[in-house]
1. Step by step: first the residues of the stretch 141-156, then only those that are loosely packed, with under 15 Cβ neighbours inside 10 Å and within 17 Å of T115 (Cβ to Cβ), then the one that is nearest to the chain's Cα centre (by Cα). Which residue is that?
2. Among residues belonging to the stretch 1-31 that are of a type in the set (G, A, S) and part of a helix (DSSP H, G or I), point out the one that is surrounded by the most Cβ atoms within 10 Å (Cβ to Cβ).
3. Residues being at positive phi and in contact (Cβ under 8 Å) with a residue 24 or more places away in the chain: count how many of those fall in the stretch 104-127.
4. Do the conditions hold for K78, that is, is it closer than 30 Å to E123 by Cα, out of contact with any Phe, Trp or Tyr (no Cβ under 7 Å at 6 or more places or on another chain), surrounded by 11 or more Cβ atoms within 10 Å (Cβ to Cβ) and at pLDDT 85 or above?
5. On the given criteria, is K110 surrounded by 11 or more Cβ atoms within 10 Å (Cβ to Cβ) and not in a strand (DSSP E or B)?
6. Check L132 against each of (1) over 21 Å from the mean Cα position of the chain (by Cα); (2) surrounded by 11 or more Cβ atoms within 10 Å (Cβ to Cβ); (3) at pLDDT below 85; (4) among the hydrophobic types (A, V, I, L, M, F, W, C) and name the one condition it does not meet.
Amino acid sequence: MEKTKLAEIMELKDKSLLELKAIYKELYGSETAPSSNKVYLWRKIAYKIQEVEHGGLSAQSQGKIEEFIQKYDPVNNKTLRPGDDSDDKGKKSKLSRDKRLPIPGTIITKEYKSTNLDVKVLEKGFEYNNKLYKSLTAIAKEVTSAHWNGYLFFGL
C-alpha cells in the first residue's frame, strides 16, 4: 500500500500546473489552488494524500504545536519582544523593538558581490566585522558605499 501511494505522489511531479490545480480542487473541496507554483502544489497535494491515507494530526498534537509556536517562535514571540504591546494610553513603551528585526543573537546573512556578510542582531544595535552599529542602514552604507535602506538591503 505504501508503494502505491508513493508512486501516486511521484507521478504528480510530471503533471502540468492545470492538472495539479484540478487535483488540488478535488482533494481540498471547493478551495481554489492557493498558488501557481508547481512544487508548492505538489507538496500540498502529497501531504493531503498522506493525510487521507494515514489520518491527520490529532487535536492534541495541533494544540501542542500552537503552544510551541506561542512559546518559542522567534519571529512572532511577544515574550521575546518586550514592549510590543501598547500601554493604557496607547503609547508604545521605550523597550519596543521593530517587528521586522529578529530576536537578539540572530545572525543575518547576505551575499553581496561574492562576499558573505554576517550581521549579529544585538539588544541595541548590530555587530558586523567586530564593530558595533546602531542600524542596518549604517552597515549597508559601509558595505556598498551608497545609501540603502537597511531592511531592504538585508531582505527583512
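1. G155
2. This residue is A22.
3. Initially, the stretch 104-127 is screened for residues at positive phi, giving 105, 113-114, 125.
With the extra rule that they be in contact (Cβ under 8 Å) with a residue 24 or more places away in the chain, the set shrinks to none.
Within the stretch 104-127, residues that are at positive phi and in contact (Cβ under 8 Å) with a residue 24 or more places away in the chain number 0.
4. no
5. Against the criterion (surrounded by 11 or more Cβ atoms within 10 Å (Cβ to Cβ) and not in a strand (DSSP E or B)), K110 does not qualify.
6. (3) is the only condition that L132 fails.
The values are calculated or read from the model by the stated rules, or taken from the named source; none is laboratory data. Everything numeric here is computed off the predicted structure, so don't read it as measured data. Because the Cβ atoms are built from the backbone with ideal geometry, glycine has one as well, and the counts that use them run over all protein chains shown.
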